[in-house]
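The values are calculated or read from the model by the stated rules, or taken from the named source; none is laboratory data. This is a predicted model, so every value here is computed, not measured. Virtual Cβ from ideal backbone geometry, glycine too; neighbours counted across all protein chains shown.
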Amino acid sequence: MFLELVRPVAQAPQRSQLASRLTNIGRQEPASDPRLQMNALTSTNIRDAKLSEIGPLARIWFDGWQDAHARIVPADLVRLRTLQNFEERLRVASTAVRVAGAVGAPVGFYFLKGAELYQFFVSSNARGSGVAAVLMADAEARFRESGVHTAWLACAIGNDRAARFYEKCGWFRTGTVTDNVEVPGGTFALEVWRYEKSLR
């Protein structure tokens with residue numbers, strides 16, 4: 001429920017106040033809000049990850065995975081998804097990881113595996129800033145450069161926030177499939193939603 005506040009009628013500003021306001025018209029204050037800085041991100045700001053960023057990237061992955069998946073996937077899989085596990089996987093994939101954000105302060109990342117958008121995560125404080133859309137555009141451009149005509153991704157069943165984002169970006173749910181997700185020492189069979197997008 002929204003409440004409409006009745007504000008008192010303001011007195012007319014004095015001449016000195018008007019002059020000050022007119023002088024400041026056109027001046028742009030520096031963006032102190034991190035969200036405003038994120039909004040300035042474009043495809044040219046997406047870059048390759050640095051080995052020194054594995055720690056903060058793993059934290060984004062761990063926090064994002066726990067937030068989105070811990071309540072909707074089997075408990076056996078949740079126990080395997082530790083911060084250390086994500087760090088190890090990032091070390092293996094480090095040369096293929098693409099990052100949004102300043103060096104040392106990433107706010108999101110993704111990496112591909114053939115025609116699959118294998119991992120895609122944005123930090124919680126970057127949600128709603130447009131970072132995810134910029135990362136997605138970069139990922140799709142990489143697919144095209146690699147000659148991929150139809151890309152796909154797996155989305156955990158019940159992860160509705162991610163599903164809405166993919167669909168907004170033009171991805172289509174093609175059905176439910178079993179995905180053998182990577183875990184320490186092997187794989188874990190998980191039912192997921194499969195999404196695809198034509199890049200022709």
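Below are the figures for this structure:
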quantity	calculated
Which numbered condition residue 103 misses (of (1) closer than 21 Å to residue 184 by Cα; (2) modelled with pLDDT under 95; (3) exposed (fewer than 14 other Cβ atoms within 10 Å of the Cβ))	(1)
Among (1) outside any loop (DSSP other than H, G, I, E, B); (2) within 20 Å of residue 63 (Cα to Cα), the one test that residue 173 misses	(2)
Matching residues in region 89-106 - criterion: being closer than 13 Å to residue 52 by Cβ and not in a strand (DSSP E or B)	90, 91, 94, 97, 103, 104
Tally of residues being surrounded by 16 or more Cβ atoms within 10 Å (Cβ to Cβ) and free of Cβ contacts under 8 Å to residues at least 12 places away in the same chain across region 59-83	0
Scan of region 162-179 for residues that are of a type outside the set (Val, Ile, Thr) and surrounded by 11 or more Cβ atoms within 10 Å (Cβ to Cβ), ordered by number	162, 163, 165, 166, 167, 168, 169, 170, 171, 172, 173, 179
Sole exception among (1) modelled with pLDDT of 95 or more; (2) under 26 Å from residue 135 (Cα atoms); (3) not polar (S, T, N, Q) for residue 40, by number	(1)
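Here's the yes/no breakdown for (1) surrounded by fewer than 20 Cβ atoms within 10 Å (Cβ to Cβ); (2) part of a helix (DSSP H, G or I); (3) without any contact (Cβ under 8 Å) to a residue 60 or more places away in the chain:
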site: 85; (1), (2), (3): yes, yes, no
site: 108; (1), (2), (3): no, no, yes
site: 129; (1), (2), (3): no, no, no
site: 142; (1), (2), (3): yes, yes, yes
site: 147; (1), (2), (3): yes, no, yes
site: 153; (1), (2), (3): no, no, yes
